[in-house]
Amino acid sequence: MKRVLVANRGEIAVRIIRACREMGIETVAIYSTEDRDAMHVKMATLAVCVGAAPSSESYLNIQNIVSAAVETKCDGVHPGFGFLSENAHFVETLEQCGIKFIGPSASSIRTMGDKARAREVMMKCGMPVVPGSDGEVDSIREAKRIAKDIGYPVLIKASAGGGGRGMRIAHSPEEIENAFNTAKQEAMSCFGNDGVYIEKYIVNPKHIELQILADEHGNVVHLGERECSIQRRNQKIIEEAPAKVITSALRKKMGEDSVAAAKAAGYTNAGTIEFVLDKEGNYYFIEMNTRIQVEHPVTEMITGINIVREQIRIASGQPLSFAQKDIKISGHAIECRINAEDIHKDFMPAPGTVSFLHFPGGYNTRVDSALYSGCKISPHYDSMIAKIIVKGDTRMEAIKRMRRALEELLVDGVKTNQDFLYLILYNFDFVKGKYDTGFVEKYKDKLINI
Ligand code: ADP
C-alpha cells in the first residue's frame, strides 16, 4: 500500500498514522469542523474535512469519507475502532471503488456483528458458548421457556449489541417481561434493530479475550489473552496481558479453539474472541470483535508484534511472517484508560480545554494519545483521551510501574478518572489478581470517596 486513509480520530488515528509512517506509507486524515486543530490532522500527510461536528455528519458519513479516499487516491482505508469499523456497507462501498478495507470481509463483519448468529457459527465450530437460546427470541413466552430450561439468572441481549447496551438481567420469571421489553427498546434506539437473544447470566465472571491474526492465505495465529474484567457498566477501564488466572494449558486450549473458529469462519485480518470465564475455569464465547481493539497495546507489549502493522500487511495480501511457534509471551503489561470524566458526578463526561499536560515516560512506559497542551476535548466524541501502557518482568513490577506512571501524569483544565485508576492499583484484591467483572461495583464508593 502507498497511501492509507484513516477513517477515525483521536489516539487510534494517531496510532495508525504512526504505523503507516514507519512503513513508508502516506496517510490521509479525515476530520470534522470541530477537529480542525486535532493532532491526527497535523500528523497525516494530507487531511480532508468530511463534515460537521456530530459524528453522524462526519466520522460516520460514508459518502464523504469514500469520496475523500477516492479523491486523494488512497489504496487502503483503516477504520480504527468504533465509528465505521464494523460497518459492512462501508466495506462494500470501498470495494466498489477499488479501495481495500484494512479489516475483515463485509460478510465476516455481518455474521459476527449479529451476536445471535455469531453464537450459532461458534457452536458449529465446537466452541463452548454460554448456555442460551438458539438464535433470536421473539416472544416473552419463549423467553420464559428458555430461561426455565437454562436456569436463572439470565441475560437478555441485543443481537446488534455493543458498548454494553441493550442488555438486561432477569432473576426470576416475573422479571422477564420488563427485561425483554427494555432490552428490545434500548436495542431499537441504539442500533435500529430490536432483535434479542438469551444467555445464562454467569455471576461475576472474568472477561478474557483472545487476539487473533489471520492472513488471506489461510494462516491463523493467536497472540494470547487479555484480562479485561475491570469494567464500569460493561466498559473496560484497565486491561492486562497475560491473565493471571490463565494457565499455559488453558491458554493453549482457548487459543486452539479461537484459531479453529476463525479458520472455520474464513476470517481474515485482526480480530478478538471474547469469553467469560466462570469460577470453575470454564470459558464461554460471548462475542467476536472484528476490528482492532482499544486494549491491543498490552498484547503488543508482551509479544513484540505491532498489530496495526500486521493488519496493513495482511490487507496488502502478504502472508503472516511468523507461525504460532514463533510467538513468545514475555513479561506482563497493563493498560489504563484515561477518560475526561467527573468521577464524583457518576462519571459524567467532562469536556473542556487542557491547560497544561505532562505525560509519563521512562522504561517500558508507553502513552497512546492525541492530546496536547491547549487542545480542546469536544463533547461530541468519546471521553477517552489517553491510554497509558506499561510492561514489567512480572505482574507486580507492572503494577508498580503503572502507579509511578499515573503519579507523573498531569492533565490540568479538565477532570479525569486518574485518581480512580490509581486507587485500583493499590486495591488488595486487584494486586492479588483476585477480581472479576463485579470489582468496580463492589469497590466503587471506596475508590471515589477519598
Ligand atoms: P458488548 O458488545 O455490548 O460489549 P458483550 O457481549 O461483549 O457486550 O458483553 C460485555 C460485558 O458484559 C462482558 O465483558 C461481561 O462483563 C458482561 N457479560 C456479557 N455476557 C455475559 C454473561 N452471559 N454472563 C455474565 N456477564 C456477561
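Assessment of segment 392-404 against the conditions (in a loop (DSSP other than H, G, I, E, B) and buried (at least 17 other Cβ atoms within 10 Å of the Cβ)) yields no matching residue.
Regarding segment 416-436, can at least one residue be identified that is among the hydrophobic types (A, V, I, L, M, F, W, C) and within 16 Å of the ligand (Cβ to nearest atom)? Spell out how you get there, then give the answer.
Here is the first cut: in segment 416-436, the residues among the hydrophobic types (A, V, I, L, M, F, W, C) are 420-421, 423-425, 428, 430-431.
With within 16 Å of the ligand (Cβ to nearest atom) added as a condition, the list becomes none.
No, that holds for no residue.
Residues of segment 92-114 being assigned to a helix (DSSP H, G or I) and touching a Pro at 6+ places or on another chain (Cβ under 9 Å), which ones?
Filtering segment 92-114 for residues assigned to a helix (DSSP H, G or I) gives 92-96, 106-113.
Listed by number, the list holds a single entry, M112.
Of all residues in segment 263-280, those being closer than 9 Å to L213 by Cα and among the small types (G, A, S) number 2. Among residues of segment 302-328 that are closer than 12 Å to I102 by Cα, those with a beta-carbon under 7 Å from a residue that is surrounded by 17 or more Cβ atoms within 10 Å (Cβ to Cβ) and among the basic types (K, R) at least six positions away or on a different chain give the pairs V308/R15; A315/K100. Test A241 against the criterion of being within 29 Å of I343 (Cβ to Cβ), more than 10 Å from the ligand (Cβ to nearest atom), touching a residue at least 40 places away in the same chain (Cβ under 8 Å) and in contact with a helix residue (DSSP H, G or I) (Cβ under 7 Å, 6 or more places away or on another chain), and give yes or no. When the stated conditions are applied, A241 passes them. The number of residues in segment 147-169 being more than 12 Å from the ligand (Cβ to nearest atom) and buried (at least 21 other Cβ atoms within 10 Å of the Cβ) comes to 1.
Restricting to segment 35-64, name every residue that is among the hydrophobic types (A, V, I, L, M, F, W, C), touching a His at 6+ places or on another chain (Cβ under 9 Å) and not in a loop (DSSP other than H, G, I, E, B).
Result: A47, I62.
Among the numbered conditions (1) more than 19 Å from the chain's Cα centre (by Cα); (2) surrounded by fewer than 19 Cβ atoms within 10 Å (Cβ to Cβ), the only one that N306 does not meet is (1). With respect to the conditions (1) among the β-branched types (V, I, T); (2) surrounded by 21 or more Cβ atoms within 10 Å (Cβ to Cβ); (3) away from the ligand (no atom under 16 Å from the Cβ), T247 falls short on a single one, namely (2).
Checking the structure you have, find out if any residue of segment 208-223 is within 11 Å of the ligand (Cβ to nearest atom) and either out of contact with any Cys (no Cβ under 9 Å at 6 or more places or on another chain) or in contact (Cβ under 8 Å) with a residue 60 or more places away in the chain (or both). Scanning segment 208-223 turns up at least one residue that is within 11 Å of the ligand (Cβ to nearest atom) and either out of contact with any Cys (no Cβ under 9 Å at 6 or more places or on another chain) or in contact (Cβ under 8 Å) with a residue 60 or more places away in the chain (or both). Exactly one residue out of S355, S378 is exposed (fewer than 13 other Cβ atoms within 10 Å of the Cβ) and of a type in the set (S, T, Y), and it is S355. Scanning segment 372-385 for any residue that is more than 23 Å from I16 (Cβ to Cβ) and touching a helix residue (DSSP H, G or I) at 6+ places or on another chain (Cβ under 8 Å) turns up nothing. Of everything in segment 87-146 that is β-branched (V, I, T) and within 16 Å of the ligand (Cβ to nearest atom), the residue that is nearest to the chain's Cα centre (by Cα) is I109. Scanning segment 320-330 for residues that are surrounded by 17 or more Cβ atoms within 10 Å (Cβ to Cβ) and farther than 19 Å from I212 by Cβ returns no hits.
With respect to the stated conditions, V440 is at pLDDT 95 or above, among the aliphatic types (A, V, I, L, M), within 16 Å of the ligand (Cβ to nearest atom) and assigned by TED's automatic domain parsing to the domain that holds V294. Only one entry in I424, I448, I385 is touching a strand residue (DSSP E or B) at 6+ places or on another chain (Cβ under 7 Å) and more than 23 Å from L277 (Cα to Cα), namely I385.
Collect the residues in segment 278-296 that are more than 28 Å from R110 (Cβ to Cβ) and not acidic (D, E), keeping them in residue-number order.
From segment 278-296, those more than 28 Å from R110 (Cβ to Cβ) are 278-282; that's our starting set.
K279, G281, N282 - these are the residues of segment 278-296 that are more than 28 Å from R110 (Cβ to Cβ) and not acidic (D, E).
For segment 170-200, the tally of residues that are within 11 Å of the ligand (Cβ to nearest atom) and crowded, with 22+ Cβ neighbours inside 10 Å stands at 4. Annotation for segment 332-346: no member residue is surrounded by fewer than 21 Cβ atoms within 10 Å (Cβ to Cβ), assigned by TED's automatic domain parsing to the domain that holds L213 and small (G, A, S). Residues of segment 263-295 that are at pLDDT 95 or above and more than 16 Å from the ligand (Cβ to nearest atom): Y267, T268, N269, A270. For segment 65-91, the set of residues classified as in a helix (DSSP H, G or I), surrounded by 17 or more Cβ atoms within 10 Å (Cβ to Cβ) and of a type outside the set (V, I, T) consists of A68, A69, A88, F90, listed by residue number. Just one of (1) of a type in the set (A, V, I, L, M); (2) surrounded by fewer than 16 Cβ atoms within 10 Å (Cβ to Cβ); (3) touching an Asp or Glu at 6+ places or on another chain (Cβ under 6 Å) fails for A350. It is (2).
The values are calculated or read from the model by the stated rules, or taken from the named source; none is laboratory data. Not measured: the values here are computed from a predicted model. In this analysis, Cβ positions are derived from the backbone assuming ideal geometry, glycine residues included, and neighbour counts consider all displayed protein chains.
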